[in-house]
Structure formats: C-alpha cells, structure tokens
Amino acid sequence: MTNDEIKKLHIIQTKNVKHLKKAMKNLTMDINNSLLKGDNFKVGIKTKFYCLLYSALSESQFLQILYTPYGFMYSEIQKIQKEKAIFDKWKLMVDLAIKKIGDYTTNNYLEDKRGKLKSIIYEYIEDPQLLRNKIAHGQWVHALNRKNTKENKNITSKIENLNVVEISKWFEVHQYLCFIIRDLIQSPSKGFHNNYWVNLTSLEAFLDKSKNWTVEKRIEDIKRKYNNRPEKV
C-alpha cells in the first residue's frame, strides 16, 4: 500500500468518524428527550443503541488514526491489523507509536506513559467492547458466560447500570486518547512531549469534574433548560 492509498483511506475514515459523531450527538438529544418525558423503557432501549454506537465510533476512529498520513509504515499497519481483538490492536498501536520516540523497555518515562495509555484502553475500550458484544448478541437484559451455559451476573449488572451519562464520559475520554496517540504518530519528537501533558491534564480535569455526574442531575439540567426556553410568540 502506497502513501497516497493510505491517505485516501484516512480521508474516507475521517468522513465516517464525522458521521458517527453526528449520530452520537443526535442520539444523545433523543435520549435526553426521553429522560425529560420519564419514558424509562425508551431510555433503556436507546441507551443500548448508544453503547453500540460508541463502539462503532471507537473502531472508526481506530482506523482513522491507523491510516494517519505519513504515520505508520504499511508493514506496521499490517502488523497491527493481524491482531484479532480490537483492544489488542489499540495496545499494539500504542507500543509501535511510542517506539517512534524511544525504547520504552529501557526508559521509565516512556514506560509510565505507555502504562497510562493502556489503562485508558482497558477501561474505555476493552470493557465497553465486552458490553457491546453481549448487547450485539441479543443479551440485553441478562448476559451469559462465554459458552452460553449460565448467566454472567457481573456483566448483567453492568448492562443494567448502563446510562447515557456514563457512555457520554466514555466518549469524552476516548477523544483525549485519540488526541494523544495522534500526536505520537504525527510528531513523535515534538508534538507528543508538547501536547501529552496538556491533553493528560485536561483529561484528568474532566474526570474530576464528571465523577459526580448522574442521570438524576442530567434530568434536572434538562428540565432547567426546558423551563428556561423563551416562549414563542
């Protein structure tokens, strides 16, 4: 695959990502409307779709970053694509991207950054992907174990507790992750060091700000905005 072919794929994936972000925004508004009406059944259905849409966007952004122009060599792209699980692809992408800066096996600074990125991948890509797989296979209320021989009560509980606020937080964290990895690929010698701490600090500030967000508070905010709308004459 040539650099021009990789660039064309990046352009295509950028269009996919933009479309999915628009879909996320519209579905968020739709869920907010159902929350305002107190229609819990519709909220539950749409939240499941929201989870599926999040994973779709995550995979789309993965390919967008993978095909960053003049980023990875084609041999590196092939190596990443050979990994079976999407979260393993993300992890290998991080490893190969960090190697553009230096050897993380002998550099504590790089190993620390690698560890932080992989912990984000685990919490905001690997875990949501597991829920996505259960939902995609029709396990919307009760999750089964891998062999489908009994219920997995831990996953059942996670599916039951899915909500628009939590998934919205996934989305925001995911964007910061993408910023950081893109900096690694596009400008490993300068951009990563300049922007890593900015993005990480912003991410930590967001996590601190959002740690007490709840569905109940969102409903209050929606009602407040609804009641403060100017009346049409």
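The numbers here are math on the coordinates, done by the rules we state, and not lab data. Because the structure is a prediction, the values reported are computed rather than measured. Cβ coordinates were reconstructed from backbone atoms using ideal geometry, including for glycine residues, and neighbour counts include every protein chain displayed.
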Open item on the list: Once you keep just the Cα pairs under 8 angstrom separated by 6 or more residues, what percentage relative contact order results for the chain?
Closed with: 22 percent
TODO: With everything on Cα atoms, drop me the angle between helix 108-121 and the longest principal axis of the chain, reported from 0 to 90° to the nearest 10.
DONE: 30 degrees
- [ ] Would you list which aspartates and glutamates come within 18 Å of LYS91, measuring only between C-alpha atoms, while excluding same-chain residues fewer than 8 positions from it?
- [x] GLU59, GLU76, GLU83, ASP103, GLU111, ASP112, GLU123, GLU126, ASP127, ASP183
Task: ASN152 long-range amide H proximity, modeled H, under 5 Å - done: ALA143, LEU144, ASN145
Task: P(r) tail fraction, the stretch 44-194 - alpha-carbon pairs more than 23 Å apart, % - done: 42 percent
TODO: With θ set to phi - 60°, apply the Karplus curve 6.51 cos²θ - 1.76 cosθ + 1.60 along the stretch 133-145 and write out the HN-Hα couplings as whole Hz, x wherever there is a Gly or Pro.
DONE: 5, 5, 5, 5, 9, x, 8, 7, 10, 10, 8, 9, 6
Task: FRET efficiency estimate (nearest 0.05) - Cβ-Cβ, SER187 to THR105, R0 22 angstrom - done: 0.45
TODO: Give the cross-link partners of LYS223 among the aspartates and glutamates, using a straight C-alpha distance below 17 Å as the criterion and excluding same-chain residues fewer than 8 apart.
DONE: ASP30, ASP39, GLU231
Task: Cα Rg, Dmax, the stretch 154-220, angstrom units - done: 15.4, 46
Task: Which of TYR122, TYR50, TYR67 has the fewest Cβ neighbours within 10 Å, and the rest in rising order - done: TYR122, TYR67, TYR50
TODO: Pairs to check: LYS18/LYS79; LYS99/LYS211; LYS48/LYS150; LYS46/LYS150. Give those whose C-alpha atoms are more than 31 Å from each other in this structure.
DONE: LYS99/LYS211
TODO: For helix 86-98, report the angle its Cα long axis makes with the longest principal axis of the Cα atoms of the chain; keep it between 0 and 90° and round to the nearest 10°.
DONE: 40 degrees
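At 0.36 nm per residue, minus the direct Cα-Cα distance, what do VAL198 and GLU5 gain on full extension? Give it in nm, one decimal, please. If you can, show how the numbers build up before the last one.
Details: separation 193, 0.36 × 193 = 69.48 nm, distance 3.23 nm.
Value of the extension gain: 66.2 nm.
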